[in-house]
1. What part of the accessible area of the chain, given as a whole %, is carbon or sulfur when the probe is 1.4 angstrom?
2. DSSP loop (so not H, G, I, E, B), at most 14 other Cβ within 10 Å: list which GluC sites (Glu not before Pro) in region 1-78 pass both filters.
3. Mean residue ellipticity at 222 nm from the helices of the chain, using -39,500 (n - 2.57) per DSSP H segment of n ≥ 4 over the full residue count, to the nearest 500 deg cm²/dmol?
4. Tell me which residues come under 5 Å, amide H to amide H, from Ala107 once H is placed; ignore anything under 5 positions away on its chain.
5. Ordered by residue, what ³J(HN,Hα) values in Hz, to whole numbers, does region 188-200 give under the Karplus form 6.51 cos²θ - 1.76 cosθ + 1.60, where θ = phi - 60° and Gly and Pro are x?
6. What number comes out for the charge environment of Leu5, summing +1 per Lys or Arg and -1 per Asp or Glu over other residues with Cβ under 11 Å away?
7. Quick one: accessible area per residue over the chain, 1.4 Å probe, rounded to a whole number of Å²?
8. Based only on Cα atoms, what Rg/Rh ratio does region 64-191 have, Rh being taken as Kirkwood's radius?
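The values are calculated or read from the model by the stated rules, or taken from the named source; none is laboratory data. Please read all numbers here as calculations on a predicted model, not as lab measurements. Every residue, glycine among them, receives a Cβ derived from its backbone with ideal geometry; neighbour counts consider all protein chains shown. To get the accessible areas, we keep the full protein, side chains included, count just its heavy atoms, and leave off ligands, DNA and RNA. Shrake-Rupley method; radii C 1.70, N 1.55, O 1.52, S 1.80 Å.
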Amino acid sequence: MTPRLFLPPGARLPGEGEAVELAPGQRHYLTHVLRRRPGDRVVLLDGEGEAEATLLPDLRLSCGAARRAEAPRLRVTLLCALLKGEKLDWVVEKATELGAARILPVACARSVRRLEPARAIRQRERWARIATAAAQQCRRPDLPQVTAPMSFAEALRLESSHDGATLRLMLYEGTAPPVRSLLGESQTRIALFIGPEGGLAKTEIDALFTAGFLPCSLGPRILRAETAALAALAVVLSG
């Protein structure tokens, strides 16, 4: 299978016949992990398109003609509470594979995990690397936007700044309709809010209702937060 490599954020595919410098980590990955040699093929991606390239003797890549990727019909934003340990790493990886367009980690009132600003930046960089690796593995042509952890108020303000055509859903522990029953074929943007292990505080639930989030359910079972996030995302994107 032809390896797939994303260019650094903001970089665009060069013209046909132009050469691309690889980052040291990418050169090591190609030559030592995948054992590729000069003349082997690689697919380069910039998040908007892809191009076949050939590995040169100096370990640069000679780029072929670029092909633009088809924009997805549905763009889903996953707003997921900070979870204990490395559970959110797993959510970022699997949400990327499923097709989430944006992933917003949110510090909720009952989130056990807390991140100081400097550590939060490093964590965002780690999540970006996880998302890139997951996209390359699953042959996804674009990358999700993964933000640094933000407060509940910041996340709500950011999501509310988008157009009113967005369908906003929140997983709710009380009586609520199934996720699938709220979906329609005409939707192009969906925001999905998942609370922490301890659940959302009443003030947060009230704020989500005020912001236009609709309660929804995955059924009678009590799922772990990371399981609920990915199960709900799979249902939303399966249509």
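1. 53 percent
2. Loop-located and lightly packed - Glu16, Glu18, Glu21, Glu48, Glu70.
3. -9000 deg cm²/dmol
4. Leu82, Met150, Ser151, Phe152
5. Coupling constants for region 188-200: 10, 9, 9, 10, 10, 9, 10, x, x, 4, x, x, 7 Hz.
6. +1
7. 51 Å²
8. Rg divided by Rh gives 0.98.
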